[in-house]
1. Criterion first (more than 12 Å from the ligand (Cβ to nearest atom), open to solvent by 10 Å² or more (accessible area, probe 1.4 Å) and within 26 Å of Pro121 (Cα to Cα)) does Ala21 satisfy it?
2. Applying the selection to region 143-155, what residues are open to solvent by less than 10 Å² (accessible area, probe 1.4 Å) and within 13 Å of the ligand (Cβ to nearest atom)?
3. Is there a residue being on the phi < 0 side of the Ramachandran plot, of a type in the set (Ser, Thr, Tyr), modelled with pLDDT under 95 and within 20 Å of the chain's Cα centre (by Cα) anywhere in region 220-227?
4. Among the listed residues Arg240, Arg158, which satisfies the condition of being loosely packed, with under 14 Cβ neighbours inside 10 Å, at pLDDT 95 or above, part of a helix (DSSP H, G or I) and among the basic types (Lys, Arg)?
5. Sort through Ala278, Ala301 and tell me the only one that's over 17 Å from Gly142 (Cβ atoms), within 19 Å of the chain's Cα centre (by Cα) and in contact (Cβ under 8 Å) with a residue 60 or more places away in the chain.
6. Tally up the residues in region 24-61 that are among the acidic types (Asp, Glu) and either open to solvent by less than 30 Å² (accessible area, probe 1.4 Å) or under 21 Å from Val98 (Cβ atoms) (or both), please.
7. Of all residues in region 1-13, count the ones that are under 19 Å from Phe114 (Cα atoms) and within 12 Å of the ligand (Cβ to nearest atom).
8. Read through the list (1) open to solvent by 30 Å² or more (accessible area, probe 1.4 Å); (2) in contact (Cβ under 8 Å) with a residue 24 or more places away in the chain; (3) more than 21 Å from Ala220 (Cβ to Cβ), then give the number of the only condition that Val140 fails.
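The values are calculated or read from the model by the stated rules, or taken from the named source; none is laboratory data. Note that this is a predicted model, so its numbers are computed, not measured. Counting neighbours? That spans all protein chains shown, and the Cβs are built from the backbone with ideal geometry, glycine included. Areas reflect the complete protein model, heavy atoms only, side chains present, ligands, DNA and RNA absent. Shrake-Rupley method; radii C 1.70, N 1.55, O 1.52, S 1.80 Å.
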Amino acid sequence: MDIRKVAVIGCGMVGSTTAFALMESGLFTDMLLIDVNRDRAVGEAMDLSHCLPFTRPVEIRAGDYKDISDCGIIIITAGVGQKQGETRMDCIHNNVKVFKSIVPQIVKYNTDAFILVVSNPVDVLSYVTYKLSGLPAQKVFGSGTVLDSARLKFLVGRRLNVDPRSVHAFVIGEHGDSELAVWSSANVSGIELDKYCAHCGYVSHAENRKKLADDVKNSAYEIIARKGATYYGIAAATTRICESIVRDEHSIMPVSTLVNGHYGLNDVYISVPSLIGAHGVEDIIDIHLSPEEADALIDSAATLKHAIKEIGM
Ligand SMILES: NC(=O)c1ccc[n+]([C@@H]2O[C@H](COP(=O)([O-])OP(=O)(O)OC[C@H]3O[C@@H](n4cnc5c(N)ncnc54)[C@H](O)[C@@H]3O)[C@@H](O)[C@H]2O)c1
């Protein structure tokens, strides 16, 4: 297994945009593209390769599962996306079927790689991948609420006229309608969020928080209504997760991971702050939650467990 070799399975809007972001990152020496529509994968590999005179070297090619054997990271973006008016959960039956065709093929050729799930519903499909692959949970995880947290940081930063990279805040739980923003520990460069807001002249904290959290939750719906799909944000989030693995950064990000014994949860893939390094999800970090946030996380996990039960896993 070579950590500098990455595979992207599913070369639609999310897969191809992710491949572009990965290519630009310079993290990898080789990138393999796989799609049930072989022409799509070949076309994307050709188009991406034409960027190489302008970017850093990486060998990009379309291939098959047998070519996956030495990949270090395998990213799954295959399956249908939510259509206008649908929730992520509405994709569940179709995408479970897709994963039942993909995951056995992966582990037939490679049981050493990290599998990073992006397709929705990402928490359920991460659990499905963990079960079908038989790999350790540390090696199988989903992009989770890394994107939602980025959306929150962006919106808070814009509202307060501060760089979103100086905003520290997590969205945790399901990547979907039951997710929650953890306001109790949100801060701007170590300054409690409410204090920073007051400094900027904002006083209606509860009202503003609700609006911001709703805007994060509704981002995908808003974008899909306008352009049919979301892909740049998730491509950047996925690349950032890969970066933390390849460079062994130990960055803390809310990926969707198997939680057993943290936050009162058991046997569920859900997003909580996790330490990401060369060994994958190396630790789960127990951050302080208010009693309301703790309850909301348990409710979110119940939604996911219900979905898992419904698909018979
Ligand atoms: N986790 C996130 O934050 C996030 C964000 C955006 C989109 N998504 C999800 O990513 C997924 C892909 O979205 P999209 O907009 O790229 O969809 P898309 O329809 O543009 O692309 C899906 C691709 O998957 C391929 N595919 C289907 N079945 C396959 C199989 N069995 N094997 C290999 N390839 C297969 C299709 O041929 C297509 O190229 C959706 O589930 C979407 O909801 C996740």
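1. Considered against the rule, which asks whether it is more than 12 Å from the ligand (Cβ to nearest atom), open to solvent by 10 Å² or more (accessible area, probe 1.4 Å) and within 26 Å of Pro121 (Cα to Cα), Ala21 comes out as yes.
2. Correct list: Ser143, Gly144, Thr145, Asp148, Ser149.
3. yes
4. Just one listed residue meets the conditions, Arg158.
5. After ruling out the rest, the residue left standing is Ala278.
6. Residues that pass the stated criteria total 3.
7. 5
8. Against the list (1) open to solvent by 30 Å² or more (accessible area, probe 1.4 Å); (2) in contact (Cβ under 8 Å) with a residue 24 or more places away in the chain; (3) more than 21 Å from Ala220 (Cβ to Cβ), Val140 comes up short only on (1).
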